[in-house]
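The structure appears below as structure tokens.
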Ligand code: GLY
């Protein structure tokens with residue numbers, strides 16, 4: 001079954017059960033400062049759950065574009081972590097609750113998709129006897145229902161807002177993938193025999209800044225299931241990168257690199273990173289995120305740069321930007337904004353590749369011997385960042401791959417003292433101007449009479465930039481060579 005078939009079947013299933021199928025909202029949440037990105041299907045429905053707006057439909061279903069960067073370091077290293085994914089979800093705003101949400105989920109997985117019932121387990125919250133009884137009645141034997149605390153079975157979209165206990169459905173890949181411990185089951189910390197497939201959240205409270213939970217006037221249902229994970233389970237692929245959502249991208253990058261996917265575990269990591277990051281980058285750009293040094297734009301930049309490190313490992317012919325048309329072909333039929341902007345998106349990625357290319361090459365040349373040495377001092381990490389523009393989190397990730405710890409607190413302290421130094425320098429420079437009030441009239445006038453009180457020799461921006469870079473470069477070179485800790 002293709003991912004397109006499964007997406008359609010999910011939406012049809014809930015449409016037949018009186019849910020209004022709505023389009024995905026943007027990856028940039030609308031009017032919600034609590035989250036940088038849309039991290040779940042429920043984000044566009046928060047005001048309905050909170051009772052702040054009247055829902056136009058009591059039940060909805062969506063396939064929502066979602067972006068999560070919290071596990072970005074893991075992406076590529078296993079078969080189930082992603083930054084961008086499509087989240088299938090059904091929602092009830094004060095309409096049905098657990099008594100329907102659980103049987104719906106069971107019916108969809110076992111009747112519609114025909115997953116083997118004996119492979120499905122339920123995780124519920126410790127206190128949730130009601131869900132235990134519903135699962136039992138639905139057909140799951142008590143030994144396949146496990147109870148957990150808040151760390152596994154409580155869900156909230158962020159520190160504040162609608163939240164509640166949840167029940168997760170886990171797929172059992174089979175004993176052969178297990179750790180063999182007698183208590184092995186969903187959320188096992190020793191093996192990945194079980195895969196969480198679907199999360200059914202029973203929205204019950206509104207949580208405030210201090211963590212206090214106030215019961216909502218109407219309870220709701222918010223479910224979330226990754227289309228990519230589900231496609232992998234339905235097609236019995238342990239890795240979601242082996243499904244139709246990713247294979248065209250992986251094959252493309254493998255062709256560019258001239259080495260087949262599956263021939264070397266290390267290069268396979270890079271293929272998976274590129275496949276995921278090509279999708280994430282393309283979808284973020286399609287929704288209007290632009291590369292920047294802070295906020296969303298910085299996350300995007302970080303994704304592009306992480307992909308570039310892996311592209312570089314695969315060889316000079318491999319480029320993230322060349323994956324954009326493939327993402328547009330794969331996801332354009334569902335999200336037309338990708339298709340219509342594919343050229344602009346590829347161009348933006350290309351210009352980021354050019355921009356960061358030099359820093360990447362220089363940074364890697366510097367970093368490589370240090371990694372081989374086996375230690376990395378905070379001053380070195382700071383130097384790579386401050387002088388060569390090599391991102392700290394990339395250094396930390398590359399170090400981690402080699403089992404080297406970076407003292408990020410010490411790096412942050414160096415950054416802070418550098419900021420303090422430059423603040424002092426700036427205020428010293430402006431001191432002679434202090435006390436002379438000057439009023440900006442340019443909003444209302446194009447001309448004005450005024451008097452010149454001082455004349456400073458000021459270099460042009462390009463010249464100033466070059467001098468600054470030169471000076472910093474020379475200083476850093478000195479620090480680099482003379483650093484006693486090196
Ligand atoms: N909103 C439920 C989930 O993302 O798991």
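Brief remarks follow.
- Residues being over 13 Å from the mean Cα position of the chain (by Cα) and touching a residue at least 60 places away in the same chain (Cβ under 8 Å) - total across segment 272-281: 1
- Residue match in segment 180-192 (condition: assigned to a strand (DSSP E or B), crowded, with 21+ Cβ neighbours inside 10 Å, within 16 Å of the ligand (Cβ to nearest atom) and more than 22 Å from the chain's Cα centre (by Cα)): no
- Wholly within segment 255-356, helices (runs of 4 or more DSSP H) carrying at least 3 residues that are modelled with pLDDT of 95 or more and surrounded by 21 or more Cβ atoms within 10 Å (Cβ to Cβ): 265-286, 295-314, 324-331
- Single match in 223, 243, 267 (criterion: in contact with a helix residue (DSSP H, G or I) (Cβ under 9 Å, 6 or more places away or on another chain) and within 16 Å of the ligand (Cβ to nearest atom)): 223
- When restricted to residues that are in contact with a strand residue (DSSP E or B) (Cβ under 6 Å, 6 or more places away or on another chain) and crowded, with 18+ Cβ neighbours inside 10 Å, segment 157-171 contains 10.
- Yes/no for residue 439 being over 25 Å from residue 367 (Cβ atoms), surrounded by 10 or more Cβ atoms within 10 Å (Cβ to Cβ) and modelled with pLDDT under 90: no
- Evaluation of residue 74 against (1) away from the ligand (no atom under 16 Å from the Cβ); (2) within 30 Å of residue 219 (Cα to Cα); (3) without any contact (Cβ under 8 Å) to a residue 60 or more places away in the chain (one fails), failing number: (2)
- Segment 145-156, residues that are surrounded by 14 or more Cβ atoms within 10 Å (Cβ to Cβ) and more than 15 Å from the ligand (Cβ to nearest atom): 145, 146, 147
- Being within 16 Å of the ligand (Cβ to nearest atom) and in contact with a helix residue (DSSP H, G or I) (Cβ under 7 Å, 6 or more places away or on another chain) holds for only one residue in 80, 170, and it is 80.
- Within segment 63-77, the set of residues being in contact with a helix residue (DSSP H, G or I) (Cβ under 8 Å, 6 or more places away or on another chain) and part of a loop (DSSP other than H, G, I, E, B) comprises 69, 75, 76, 77.
- Single unsatisfied condition, residue 60 versus (1) in a loop (DSSP other than H, G, I, E, B); (2) within 16 Å of the ligand (Cβ to nearest atom); (3) surrounded by fewer than 24 Cβ atoms within 10 Å (Cβ to Cβ): (1)
- Within segment 30-44, residues that are farther than 15 Å from residue 85 by Cβ and in contact (Cβ under 8 Å) with a residue 60 or more places away in the chain reach partners that are assigned to a loop (DSSP other than H, G, I, E, B) and within 14 Å of the ligand (Cβ to nearest atom) with beta carbons closer than 6 Å, at six or more positions or on different chains, in the pairs 34/158; 35/29; 35/158.
- Test: residue in segment 24-32 that is under 22 Å from residue 164 (Cα atoms) and within 16 Å of the ligand (Cβ to nearest atom): yes
- Odd one out for residue 72, checked against (1) at pLDDT 95 or above; (2) buried (at least 16 other Cβ atoms within 10 Å of the Cβ): (1)
- Among the residues of segment 1-23, those that are within 16 Å of the ligand (Cβ to nearest atom) and part of a helix (DSSP H, G or I) comprise 10, 14.
- Candidate set: segment 33-45, residues that are over 16 Å from the mean Cα position of the chain (by Cα) and within 11 Å of the ligand (Cβ to nearest atom); chosen: the one farthest from residue 104 (Cα to Cα): 45
- Taken over segment 140-156, the residue count meeting the criterion of being touching a strand residue (DSSP E or B) at 6+ places or on another chain (Cβ under 8 Å) and assigned to a loop (DSSP other than H, G, I, E, B) is 2.
- Residues of segment 83-96 classified as part of a loop (DSSP other than H, G, I, E, B), closer than 20 Å to residue 51 by Cα and either out of contact with any helix residue (DSSP H, G or I) (no Cβ under 9 Å at 6 or more places or on another chain) or within 15 Å of the ligand (Cβ to nearest atom) (or both), total: 1
The values are calculated or read from the model by the stated rules, or taken from the named source; none is laboratory data. As the structure is a prediction and not an experimental result, all values here were calculated from the model. Every residue, glycine among them, receives a Cβ derived from its backbone with ideal geometry; neighbour counts consider all protein chains shown.
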